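Since the structure comes first, as structure tokens, the remarks are kept for the end.
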Amino acid sequence: MKEKIQSLIGFPIDEKSYKVDLELQDRYTAYSSEILRLALLGIAGYGFLLKDIVLTNQTTLGPRIHTIWPLLIIGAISLGLSAILALQHRVCATDCVSSIAAFIRKSASGRESDAEIDRDTLRTTLKRAAFLLRTSAILLAIGASSIVITFCYVLWSI
């Protein structure tokens, strides 16, 4: 007969054992929040460029935007993907915290084999979160560069 496993919900944990992890997670989450904010600001910048500058004064600026159209599309897609990945990073960061809590609780309760599964899950989730954060930052840089180049070309090209 299978042994009944006691629930770990409410199992007491010393705050010192996870406080550093939570502080580090807060910093990474704040960084991904800034990436998200800047990506959305960049998308708004593209909207401003198209609506208020190009479409209202089609005689002088309209033809310029058509020559740099691929860069405009690459920039908008990069910013959109950056925002999506920043949001997904926040989900992964939350999963990391839950894996840390599960690992600590299972280790403290003597369920070492289950704790090792949570440790492996944590490693995988941390790698995924790092990939998402790096990729989001790179896409933000590509999108921001595209905005700057597009604005400069459209406004100051002779």
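The values are calculated or read from the model by the stated rules, or taken from the named source; none is laboratory data. Keep in mind that what you see is a predicted model, and the values were worked out from it rather than measured. Every residue, glycine among them, receives a Cβ derived from its backbone with ideal geometry; neighbour counts consider all protein chains shown. Quick note on the areas: whole protein, heavy atoms, side chains included, nothing else; ligands and nucleic acids left out. Shrake-Rupley method; radii C 1.70, N 1.55, O 1.52, S 1.80 Å.
Of note:
- Segment 114-126 - residue that is of a type in the set (S, T, N, Q) and crowded, with 16+ Cβ neighbours inside 10 Å and, of those, nearest to ALA39 (Cα to Cα): THR125
- Tally, over segment 95-110, of residues that are open to solvent by 60 Å² or more (accessible area, probe 1.4 Å) and touching a residue at least 12 places away in the same chain (Cβ under 8 Å): 3
- Sub-9 Å Cβ pairs linking a first residue in segment 60-85 that is loosely packed, with under 14 Cβ neighbours inside 10 Å to a second residue that is modelled with pLDDT under 90, at least 6 apart or interchain, are THR67/TYR153; THR67/SER157, ordered by first then second residue.
- Selection within segment 127-144 - among the small types (Gly, Ala, Ser), open to solvent by 40 Å² or more (accessible area, probe 1.4 Å) and in contact (Cβ under 8 Å) with a residue 12 or more places away in the chain: ALA144
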